[in-house]
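See structure below.
The values are calculated or read from the model by the stated rules, or taken from the named source; none is laboratory data. Since the model is a prediction, treat every value here as computed from it, not as a measurement. Here the Cβ positions follow ideal geometry from the backbone for every residue, glycine too, while neighbour counts run over all protein chains shown.
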Amino acid sequence: MRISIICTGTELLKGTTVNTNLAFIGQELSEAGLVPIRALVVGDSLEDLRQALESVVADSDIIITTGGLGPTRDDLTRDVVCDFLNLKLHRDSEIEADLSRRWAKRYSTSPNEDYLLQANVPESSIVLKNNIGTAPGLWIKGATKVILLPGPPNELNPMFQNEAMPLLKKLVGKACFTASFMIASISELVVQEKIEALFEGLPVSLAYCSSIEGVKVFFSGENEDLIKEKAEDAKKLFGDAVLADNRLSLVQEVSERLRGQGYTLGTAESCTGGMIAAAITDLPGSSQIFSGSIISYSNAVKTKLLGVPQEVLDTYGAVSAECVSAMVLGVAKALDADAAIAVSGIAGPDGGTEEKPVGLIYIAALLHDKVIVEKHIFSGNRESIRNRAKVKALLMLRELLLKK
């Protein structure tokens, strides 16, 4: 099945908004064994969107658009797509009534016509419910199916998962995704070489999604028993690098290991500024395992709250193995935590020296009386360096949990 994605929004082209919608849709499709053949980004222009549709329609079974469904004058997607496909629009009374109810909750006036245009639905289409915002999505039937999704991620994500994906899975039938797992800290090239040798000649489709956490592998095919059997064989190639219970998120798997072993976690973060704590607490139920975090950005906080000796800072500096060793012991004691993580480094773009360059990060992980410390020099911009430090810290804690 050939799928093209068109993301609309001048803000995406300007770089003022990151295109997280494309990443989300691509990942969801990959998990279902569906890899898009292309993705285009166009501004809020009638002509540009029409040209994008013309360029993909000939060889696409499905076209997915994001953005341009709201009530403002630059929300053009619905009208452009319908004009392109020669479809007539009609006013859906149920959607109009819902929009009117939403308007009445906020305003004392009657809704204006621009707002109610969101209730216009093309013929030969299925309405995709929007439980968060006002603009419904649309599934337009035809030789080439077109899926229209709203732009805001908090509206698009649940709509795509709950409304669009079930319809997509019906189209692919038995060839839908049946197995997946994630491998931490191994490159995509190595993963691909090992796995594809195992599946050579078999009726199995493979897809990979690589990130700084590791590589997610997705298997699909018509023989479910074969898929499951070979997926288990593939896991054995990578041992403990495979996340447990088919988890596809490092932080989720680490959190589950902490919960399963009855441990609590505390973090002491300098250059990461609470990113590790945020990743943990983004998950529901984190209060069962997370004691808290001390954002020890200044040396004064390191000494006052974490008990880092002043002589350590004077002799070795805040970015040192000695400092993070003291930090991890200090935060475990201060928060009465079984496990702890400490990070200190130079994320840049300034602050580096020849001796301590930008990207130099020291990380310590603790589990009871066991402490490991690692030095890393990460490349990239500030965001990349901080994210890599966060992931490496979680991997170090995972290493200690595995040994237990």
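Quick notes
- Pro111 meets all of the listed conditions (1) exposed (fewer than 12 other Cβ atoms within 10 Å of the Cβ); (2) part of a loop (DSSP other than H, G, I, E, B); (3) over 32 Å from the mean Cα position of the chain (by Cα) but one, namely (1).
- Leading residue by the ranking (surrounded by the fewest Cβ atoms within 10 Å (Cβ to Cβ)) among those in the range 195-233 that are modelled with pLDDT of 90 or more, in contact with a strand residue (DSSP E or B) (Cβ under 8 Å, 6 or more places away or on another chain) and of a type in the set (Asp, Glu): Glu196
- Between Asp74, Asp83, Asp79, the distinction of being out of contact with any Leu (no Cβ under 9 Å at 6 or more places or on another chain) and farther than 18 Å from Asn162 by Cβ belongs to Asp74 only.
- Among (1) crowded, with 17+ Cβ neighbours inside 10 Å; (2) more than 26 Å from Leu248 (Cβ to Cβ), the one test that Ile3 misses: (2)
- Scanning the range 348-371 for residues that are among the β-branched types (Val, Ile, Thr) and outside any strand (DSSP E or B) turns up Thr353, Val358.
- Residue satisfying condition, being touching a residue at least 24 places away in the same chain (Cβ under 8 Å), out of contact with any Phe, Trp or Tyr (no Cβ under 8 Å at 6 or more places or on another chain) and polar (S, T, N, Q), within set Ser124, Ser100: Ser124
- Residues in the range 75-108 that are acidic (Asp, Glu), out of contact with any helix residue (DSSP H, G or I) (no Cβ under 7 Å at 6 or more places or on another chain) and surrounded by 14 or more Cβ atoms within 10 Å (Cβ to Cβ): Asp75, Asp79, Asp83, Asp98.
- Scope the range 249-282; condition in contact with a strand residue (DSSP E or B) (Cβ under 9 Å, 6 or more places away or on another chain) and assigned to a loop (DSSP other than H, G, I, E, B); matching residues: Ser249, Tyr263, Thr264, Ser270, Cys271, Thr272, Gly273, Gly274
- Identity of the residue in the range 300-320, free of Cβ contacts under 8 Å to residues at least 40 places away in the same chain and within 19 Å of Val358 (Cβ to Cβ), that ends up nearest to the chain's Cα centre (by Cα): Gly317
- Filter pass, Leu402 being among the aliphatic types (A, V, I, L, M), surrounded by fewer than 13 Cβ atoms within 10 Å (Cβ to Cβ) and within 25 Å of Gln252 (Cβ to Cβ): yes
- Checked against (1) farther than 15 Å from Val371 by Cβ; (2) buried (at least 22 other Cβ atoms within 10 Å of the Cβ), Val319 passes all but a single condition, namely (2).
- Any chance Lys230 is assigned to a helix (DSSP H, G or I), at negative phi and not assigned by TED's automatic domain parsing to the domain that holds Asp61: yes
- Residues in the range 24-57 that are of a type in the set (A, V, I, L, M) and over 30 Å from Arg73 (Cβ atoms) were compared, and the one that is surrounded by the fewest Cβ atoms within 10 Å (Cβ to Cβ) is Ile37.
- Matching option when the condition is over 20 Å from Met1 (Cβ atoms) and of a type outside the set (S, T, N, Q), among Val81, Val18: Val18
- Out of Ser55, Ser30, sole residue that is touching a Phe, Trp or Tyr at 6+ places or on another chain (Cβ under 6 Å) and not in a loop (DSSP other than H, G, I, E, B): Ser30
- Answer residue from the range 235-248, given it is in contact with a strand residue (DSSP E or B) (Cβ under 7 Å, 6 or more places away or on another chain) and in a helix (DSSP H, G or I) and is surrounded by the fewest Cβ atoms within 10 Å (Cβ to Cβ) among those: Asn246
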